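First the structure, then my questions, so here it is.
The values are calculated or read from the model by the stated rules, or taken from the named source; none is laboratory data. A quick note: this is a predicted structure, and the numbers were derived from the prediction, not measured. Cβ placement follows ideal geometry from the backbone for every residue including glycine, while neighbour counts extend to all protein chains displayed. SASA here: full protein model, heavy atoms, side chains in, ligands and nucleic acids out. Shrake-Rupley method; radii C 1.70, N 1.55, O 1.52, S 1.80 Å.
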Amino acid sequence: ELLGVDYQLGLRAEQTDRLLTQITLGKNYSYNQTHLFPSLNALKKIDNSQQLQFSYSRRINRPFEGALNPFPNYSDSYAYVVGNPELFPELTNSVELNYQYTFSSGVFLSAQTYYRSTNNSITQTALVGSDGRIVLSFGNVAKTYATGAEITASIPVAVWFRLDPALNLYQ
């Protein structure tokens with residue numbers, strides 16, 4: 001605790017070492033990278049019924065096997081999927097600020113805000129192939145941003161029944 005704020009700091013290091021060997025194509029696709037994942041969580045109790053929370057974290061989302069497989073997967077006569085073995089993992093930085101209030105009646109109210117930015121966002125792409133079929137693939141084609149706010153409540157109506165309404169605004 002520092003200045004009335006409870007906090008938790010973290011740091012994780014992760015090594016990704018991927019080697020895809022495509023014998024049929026005669027190609028190797030390698031990805032070798034060390035990533036650091038810091039985190040921070042802070043909680044400030046304003047009084048017995050109110051608190052503020054702040055958090056920051058960095059996350060990784062690795063491409064799934066199908067997104068990496070360069071061989072066509074024909075699901076019907078109109079389209080097929082071809083993976084991209086050169087995909088990088090997505091890295092997301094996430095920041096959240098939350099306010100919570102508990103009324104003496106047991107009603108709980110929470111207002112949460114967040115901002116996330118993702119580098120190397122894995123996006124599905126679609127092209128029309130030379131044979132007229134749709135070719136679906138994957139690429140690290142964007143840097144994406146998401147912002148939002150969510151208001152939730154928990155309202156005890158009876159011992160056996162509780163209402164939990166929520167409103168989420170997202171962009």
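Out of contact with any strand residue (DSSP E or B) (no Cβ under 9 Å at 6 or more places or on another chain) and either open to solvent by less than 90 Å² (accessible area, probe 1.4 Å) or in a strand (DSSP E or B) (or both), is that true of Gly132? Quick ask: steps written out before the conclusion?
Details: out of contact with any strand residue (DSSP E or B) (no Cβ under 9 Å at 6 or more places or on another chain): yes; either open to solvent by less than 90 Å² (accessible area, probe 1.4 Å) or in a strand (DSSP E or B) (or both): yes.
Spelling it out, Gly132 is indeed out of contact with any strand residue (DSSP E or B) (no Cβ under 9 Å at 6 or more places or on another chain) and either open to solvent by less than 90 Å² (accessible area, probe 1.4 Å) or in a strand (DSSP E or B) (or both).
Give segment 97-139 a look and list any residue that's closer than 30 Å to Lys45 by Cα, of a type in the set (Gly, Ala, Ser) and at pLDDT below 95, or say none.
The initial filter retains those residues of segment 97-139 that are closer than 30 Å to Lys45 by Cα, namely 97-117.
Add one more test, that the residue is of a type in the set (Gly, Ala, Ser), and what stays is 104-106, 110-111, 117.
Within segment 97-139, Ser104, Ser105, Gly106 qualify.
Within segment 73-117, which residues are more than 24 Å from Ile151 (Cα to Cα), in a strand (DSSP E or B) and touching a Ser or Thr at 6+ places or on another chain (Cβ under 8 Å)? Spell out the reasoning first.
If we filter segment 73-117 for residues that are more than 24 Å from Ile151 (Cα to Cα), which is where we start, we get 73-91.
Narrowing further to those that are in a strand (DSSP E or B): 73-74, 79-81, 90-91.
Within segment 73-117, Val81, Glu90, Leu91 meet the criteria.
Right, another one. Keeping to segment 1-43, report how many residues are modelled with pLDDT of 95 or more and among the basic types (Lys, Arg).
Count: 1.
A quick yes/no check of all residues on (1) closer than 25 Å to Val95 by Cβ; (2) among the small types (Gly, Ala, Ser):
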| site | (1), (2) |
| --- | --- |
| Ile134 | no, no |
| Thr144 | yes, no |
| Glu150 | yes, no |
| Ala153 | yes, yes |
| Phe161 | no, no |
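Here is a follow-up. Can you give me the number of residues within segment 58-105 that are in contact with a strand residue (DSSP E or B) (Cβ under 6 Å, 6 or more places away or on another chain) and small (Gly, Ala, Ser)?
Selection size over segment 58-105: 3.
Something else now. Can you name the residue in segment 1-52 that is among the small types (Gly, Ala, Ser) and surrounded by 10 or more Cβ atoms within 10 Å (Cβ to Cβ) and is also farthest from Leu68 (Cα to Cα) among such residues? Talk me through it step by step, then tell me what you get.
To start, the set of residues in segment 1-52 that are among the small types (Gly, Ala, Ser) comprises 4, 10, 13, 26, 30, 39, 42, 49.
If we keep only those that are surrounded by 10 or more Cβ atoms within 10 Å (Cβ to Cβ) as well, we get 10, 30, 39, 42, 49.
On the way: Gly10: 31, Ser30: 12, Ser39: 29, Ala42: 38, Ser49: 50 Å.
Result: Ser49.
Can you tell me which residue within segment 57-66, out of those that are surrounded by fewer than 16 Cβ atoms within 10 Å (Cβ to Cβ) and in contact with a Pro (Cβ under 8 Å, 6 or more places away or on another chain), is farthest from Val5 (Cα to Cα)? Steps first, please.
Taking segment 57-66 as the starting set, the residues that turn out to be surrounded by fewer than 16 Cβ atoms within 10 Å (Cβ to Cβ) are 58-62, 64-66.
This time we only want the ones that are in contact with a Pro (Cβ under 8 Å, 6 or more places away or on another chain), so: 58, 60-62.
Details: Arg58: 22, Ile60: 28, Asn61: 31, Arg62: 34 Å.
Selected residue: Arg62.
Can you find even one residue in segment 76-88 that is surrounded by fewer than 16 Cβ atoms within 10 Å (Cβ to Cβ) and at pLDDT below 90?
Yes: segment 76-88 contains one or more residues that are surrounded by fewer than 16 Cβ atoms within 10 Å (Cβ to Cβ) and at pLDDT below 90.
Moving on to the next point. Return yes when Asn69 is among the polar types (S, T, N, Q), in contact (Cβ under 8 Å) with a residue 24 or more places away in the chain, surrounded by 14 or more Cβ atoms within 10 Å (Cβ to Cβ) and under 30 Å from Asp131 (Cα atoms) and no when it is not. Outline the logic, then answer.
Details: among the polar types (S, T, N, Q): yes; in contact (Cβ under 8 Å) with a residue 24 or more places away in the chain: no; surrounded by 14 or more Cβ atoms within 10 Å (Cβ to Cβ): yes; under 30 Å from Asp131 (Cα atoms): yes.
No, not satisfied.
Follow-up. Could you figure out which of (1) under 30 Å from Val157 (Cβ atoms); (2) aliphatic (A, V, I, L, M); (3) open to solvent by less than 40 Å² (accessible area, probe 1.4 Å) isn't true of Ala111?
Of the numbered conditions (1) under 30 Å from Val157 (Cβ atoms); (2) aliphatic (A, V, I, L, M); (3) open to solvent by less than 40 Å² (accessible area, probe 1.4 Å), the odd one out for Ala111 is (3).
Tell me which residues, restricted to segment 22-50, are part of a strand (DSSP E or B), within 14 Å of Gln100 (Cα to Cα) and either basic (Lys, Arg) or in contact (Cβ under 8 Å) with a residue 12 or more places away in the chain (or both).
Here is the first cut: in segment 22-50, the ones part of a strand (DSSP E or B) are 22, 27-47, 50.
Those still in the list that are within 14 Å of Gln100 (Cα to Cα) too: 42-47, 50.
Selection gives Ala42, Leu43, Lys44, Lys45, Gln50.
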